[in-house]
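A.B. asks: Pasting a structure below so you can have a look.
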Amino acid sequence: MIQIILGDITKTRADAIVNAANTSLLGGGGVDGAIHREAGPELLAECRLLHGCRTGQAKLTKGYRLPAKYVIHTPGPVWNGGGRGEEELLKSCYESCLSLAAEHGCKTVAFPSISTGIYRFPLAEAARIAIGTIRAFLEAHPEMEVLMVCFDGATKKHYEEALKRAQAE
C-alpha cells in the first residue's frame, strides 16, 4: 500500500525513513540536513564508517533520535536534462532502498521526494518514476507499506496525480 501524506519526514513513525543524501553521506541541506540534525551526532559518526554511497545505491544506518528504527541513505541523481541516465538512477534509488528495507524486515518505509530539490529533477517525472517503481516492488512485497512524505502541497499533488494515473493503467 502507498500513502501520500503532507509532513516532516523526520517526525514520521516508520520502520525506516529514506534520506535523500549526497554521495558523501555526511549531511548536507534539505532533507539530508534535517535528518542529520534530528538524529543527532551518532548518525554522522556511523555514516563516516560507510565511506559514502554511489548515486542510485543505498546504505542503512540506525535511526538514533528519530522515530524510525533505520535511516536508508540514497544519493539521487542530479538532473542534467535527462540524457545522462537520470531516470534509471532515480528508479535504482527507490529499488535499492526498498530492497534494503525488505532485507531488514521493515514493514513501513517513508520516502521523501528524491532529487526534486536542489538536484532539480522535474517533479512530475520524479513522481511518476517513484510511484511506478514502488508499485512494482509492492506487488512482490504486499506486506510492506510505503509512505511518500511530501513537504509541501505542490509536491503532494504531483505524487497524488502520479498514483491516480498508475492505478488507472
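A.B. asks: Over the chain, with a Gaussian network built from C-alpha contacts below 10 Å, which listed residue (HIS73, HIS158, HIS51) shows the highest mean-square fluctuation?
C.D. replies: HIS51
A.B. asks: Here's something else I'd like to know. For every helix of n ≥ 4 consecutive DSSP H residues, a contribution of -39,500 (n - 2.57) applies; sum these over the chain, divide by its total residues, and give [θ] at 222 nm rounded to the nearest 500 deg cm²/dmol.
C.D. replies: Details: 5 runs with 72 residues, N = 169.
About -14000 deg cm²/dmol.
A.B. asks: Have a look at PRO142, GLY83, ILE5 and report the one farthest towards the positive end of the charge dipole of the chain, computed about the Cα centre with Cβ charges (Lys/Arg +1, Asp/Glu -1).
C.D. replies: Farthest towards the positive end: ILE5.
A.B. asks: Moving on to the next point. Add +1 for every Lys or Arg and -1 for every Asp or Glu among the other residues with Cβ under 15 Å from the Cβ of TRP79, and state the total. Please list the in-between numbers first.
C.D. replies: Numbers: positive: ARG84, LYS91, ARG120, ARG128; negative: GLU86, GLU87, GLU88, GLU125.
With Lys, Arg at +1 and Asp, Glu at -1, the neighbours total 0.
A.B. asks: Next question. Given a cut-off of 28 Å, name the pairs among LYS11/LYS59; LYS107/LYS157; LYS62/LYS157 whose C-alpha atoms lie farther apart than that in the structure shown.
C.D. replies: Details: LYS11/LYS59 21 Å; LYS107/LYS157 25 Å; LYS62/LYS157 31 Å.
From LYS11/LYS59; LYS107/LYS157; LYS62/LYS157, over 28 Å: LYS62/LYS157.
A.B. asks: Can I ask one more? How many percent of the accessible area of the range 17-169 is carbon or sulfur, using a 1.4 Å probe? Kindly include the intermediate steps, with their values, before the conclusion.
C.D. replies: Working: 3700 of 7140 Å².
That fraction is 52 percent.
A.B. asks: With a 1.4 Å probe and all protein chains left in place, how much accessible area per residue does the chain have, in Å²?
C.D. replies: 48
A.B. asks: For the range 110-165, what class follows from the C-alpha gyration tensor (a ≥ b ≥ c being the square roots of its eigenvalues): rounded when a/c is under 1.5, otherwise prolate if a/b is larger than b/c, else oblate?
C.D. replies: prolate
A.B. asks: Hydropathy first: keep DSSP H helices in the chain averaging at least 0.5 on Kyte-Doolittle, then drop any whose Cα extent along the axis falls short of 20 Å, and list what survives.
C.D. replies: 123-140
A.B. asks: Suppose every K and R has +1 on its Cβ and every D and E has -1 on its Cβ; what is the size of the dipole of the range 92-152 about the Cα centre, in Debye to the nearest 20?
C.D. replies: Dipole size: approximately 160 debye.
A.B. asks: Over the range 52-169, what is the percentage of antiparallel beta bridges among all DSSP beta bridges, to the nearest 5? Write out the running numbers ahead of the final one.
C.D. replies: Working: 4 of 8 bridges.
Antiparallel bridges make up about 50 percent of those DSSP assigns within the range 52-169.
A.B. asks: Further question: Search the structure for amide H atoms under 5 Å from the amide H of GLU145, placed 1.01 Å from N in the peptide plane, and list their residues when 5 or more places away or on another chain.
C.D. replies: Amide H neighbours of GLU145, under 5 Å, 5+ apart: THR108, VAL109.
A.B. asks: How would TYR94, TYR70 line up by accessible area, probe 1.4 Å, largest first?
C.D. replies: TYR70, TYR94
A.B. asks: So, one more: Which of rounded, prolate, oblate describes the range 19-129, given a ≥ b ≥ c as roots of the alpha-carbon gyration tensor eigenvalues and a/c under 1.5 marking rounded, otherwise prolate only if a/b is larger than b/c? Write down the numbers at each step before the final one.
C.D. replies: Details: a/c = 1.81, a/b = 1.48, b/c = 1.22.
Prolate.
A.B. asks: Can you compute the charge dipole magnitude of the chain about its Cα centre, using +1 on each Lys and Arg Cβ and -1 on each Asp and Glu Cβ, nothing else charged? Give it in debye, rounded to the nearest 20.
C.D. replies: Charge dipole of the chain: 280 debye, to the nearest 20.
A.B. asks: Moving on to the next point. Which residues' amide hydrogens lie under 5 Å from the amide hydrogen of CYS150, considering only partners 5 or more residues apart or on another chain, with H built in the peptide plane?
C.D. replies: Sorted by chain and number, the residues that satisfy this are ILE5, LEU6, GLY7.
A.B. asks: If the label point is 7 Å along Cα→Cβ of GLN3, which residues in the range 59-103 have backbone nitrogen under 16 Å from it?
C.D. replies: 67-69
The values are calculated or read from the model by the stated rules, or taken from the named source; none is laboratory data. As the structure is a computational prediction, the values presented were derived from the model and not from experiment. In this analysis, Cβ positions are derived from the backbone assuming ideal geometry, glycine residues included, and neighbour counts consider all displayed protein chains. Remember, those area values only see protein heavy atoms, side chains included, never the ligands or the DNA or RNA. Shrake-Rupley method; radii C 1.70, N 1.55, O 1.52, S 1.80 Å.
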